[in-house]
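Report on one structure; see the data block that follows.
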Amino acid sequence: MRIKSFIASTIQEALSKIKSEMGESPIILDTRNINDEDIKGKTGQSLVEIVAAENFAEKVCYKEKDSDSGCDENREINNGEVDNDEESFSFHQETDLLDDEWPETCKEWYSLLCEQQVESRYAKILIGEMLAELEIEELGRKDLQRQKIKEIMVRRIKIFPSCHSKDKTNRTMVFIGATGVGKTTTISKLATETRLSSGNEIVLISIEDDCVEKLNKIARVIGAAVAVVTTPQELRLVKDEFRGSSHIFIETPGVSCKDNSKLLAIKEYMNTIPNSEIHLVLDATTRLKDIHTLIEEPLLFPIHSLLFTKVDEADAYGALLNVVMKSKIPVSYIAGGKGLSEDINPATANTIAEMILN
Ligand SMILES: Nc1nc2c(ncn2[C@@H]2O[C@H](COP(=O)(O)OP(=O)(O)OP(=O)(O)O)[C@@H](O)[C@H]2O)c(=O)[nH]1
Ligand SMILES: [Mg+2]
């Protein structure tokens, strides 16, 4: 569906412009006088604005006569399930509205999303889909626009299933990420929560870390075992030794995603513990550009989930969506708080979408 605003000196003039561009029976969505506070024509005369949409039914009939494939294309835009990959978005973008033809409310959504640091191309994708999916009579309703944008975000945000799983045993969770993003704090929170809710045996393992003070402290409080390993072989031995434990939490040394030699060293460790969940810990306060470089290059080993920390300190949450949309990696947990035993929750797509839209 194509919607466009037409401005002219008189209604008749605007209607004739609309008909020449959109055919004999366009759908009129809105009309208004542009008054003194708004813009005026060159000579100062008042203007009228008409927002019109192409009459899709008319277009389909016309296309049916023309070619079958054209009809399929239109049916896909209006009725088809929207595909989840980015190419389908550019399809909508190309065939539907251009940004400067968006209704005013869409421009407001675009600004809000950009303020939240949603990358502009993703904001355009969300709005393009929203326009394509709303019925014509729904287009003027801001509440429905919000609901639709949220729905589209929710479809895009994949959630790591194990964090909601009822089967809470036999998990080996590895936490990888840059220095200071909150790996130890996150392990402390999850270990405490697991211990309190299940009472199961827990082991905290630190790789190549000579200061495990924080882990030791939390282990004493919750009654967990702690081990420090300095070689992949040691890691395998420790893991075997504690194979009866229900949860093994492993902290890796802080690493930048550009530091290939350190990543290779971590990979050696990962090779000795197949079937582990590898969580990439990301600080939600990291600026959009920096967070991108973290996932720009494919890592040397698979990342199973993204885990966001420090949401309590972030002033915008769009970066979460950017990373999720770009990487297509599911999100496991969202943490927000310095406390060692609180403020961590399994992620839901709904929560992330609300964080951005609020
Ligand atoms: N506000 C807030 N602070 C956090 C959060 N998670 C961690 N921190 C703080 O961030 C700092 C670093 O946390 P750590 O857990 O030590 O980070 P790390 O990734 O283990 O750091 P290294 O082991 O040195 O790589 C500490 O001051 C934490 O209190 C969070 O969710 N919110
Ligand atoms: Mg640490």
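Observations
- Pick from region 130-172, criterion closer than 30 Å to Ile273 by Cα and either free of Cβ contacts under 8 Å to residues at least 12 places away in the same chain or of a type in the set (Val, Ile, Thr) (or both), ranking: surrounded by the fewest Cβ atoms within 10 Å (Cβ to Cβ): Lys166
- Scope region 144-189; condition over 21 Å from the mean Cα position of the chain (by Cα) and on the phi > 0 side of the Ramachandran plot; matching residues: Asn170, Gly180
- With respect to being modelled with pLDDT under 95 and either within 16 Å of ligand 1 (Cβ to nearest atom) or assigned to a loop (DSSP other than H, G, I, E, B) (or both), Leu97 fits the description.
- Residue, farthest from ligand 1 (Cβ to nearest atom), within region 236-254, restricted to residues that are under 34 Å from the mean Cα position of the chain (by Cα) and hydrophobic (A, V, I, L, M, F, W, C): Ile248
- Val212 satisfies every condition listed in (1) within 14 Å of ligand 1 (Cβ to nearest atom); (2) in contact (Cβ under 8 Å) with a residue 40 or more places away in the chain; (3) over 20 Å from the mean Cα position of the chain (by Cα) except (2).
- Of all residue pairs spaced 6 or more apart or on separate chains, those with beta-carbon atoms under 6 Å, a first member in region 261-272 that is free of Cβ contacts under 8 Å to residues at least 12 places away in the same chain and a second member that is surrounded by 13 or more Cβ atoms within 10 Å (Cβ to Cβ) are Lys262/Val255.
- Here region 167-191 is the region considered, the condition is being within 16 Å of ligand 2 (Cβ to nearest atom) and of a type in the set (S, T, N, Q), and the residue that is farthest from Asp283 (Cα to Cα) is Ser188.
- The set of residues from region 177-210 being more than 27 Å from Glu268 (Cβ to Cβ) and hydroxyl-bearing (Ser, Thr, Tyr) comprises Thr192, Thr194, Ser197, Ser198.
- Wholly within region 157-273, strands (runs of 3 or more DSSP E) carrying at least 3 residues that are farther than 26 Å from Thr348 by Cα: 202-207, 225-229
For every residue, the table says whether it meets (1) under 18 Å from His279 (Cβ atoms); (2) near ligand 1 (Cβ under 9 Å from one of its atoms); (3) in contact with a strand residue (DSSP E or B) (Cβ under 7 Å, 6 or more places away or on another chain).
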residue	(1), (2), (3)
Leu307	yes, no, yes
Gly318	no, no, no
Lys328	yes, no, no
Ser332	yes, no, yes
Gly336	yes, yes, no
Gly339	no, yes, no
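The values are calculated or read from the model by the stated rules, or taken from the named source; none is laboratory data. No experiment lies behind these values; they were computed from the predicted model shown. Ideal geometry is used to build each Cβ from the backbone, glycine not excepted, and the neighbour counts take in all protein chains shown.
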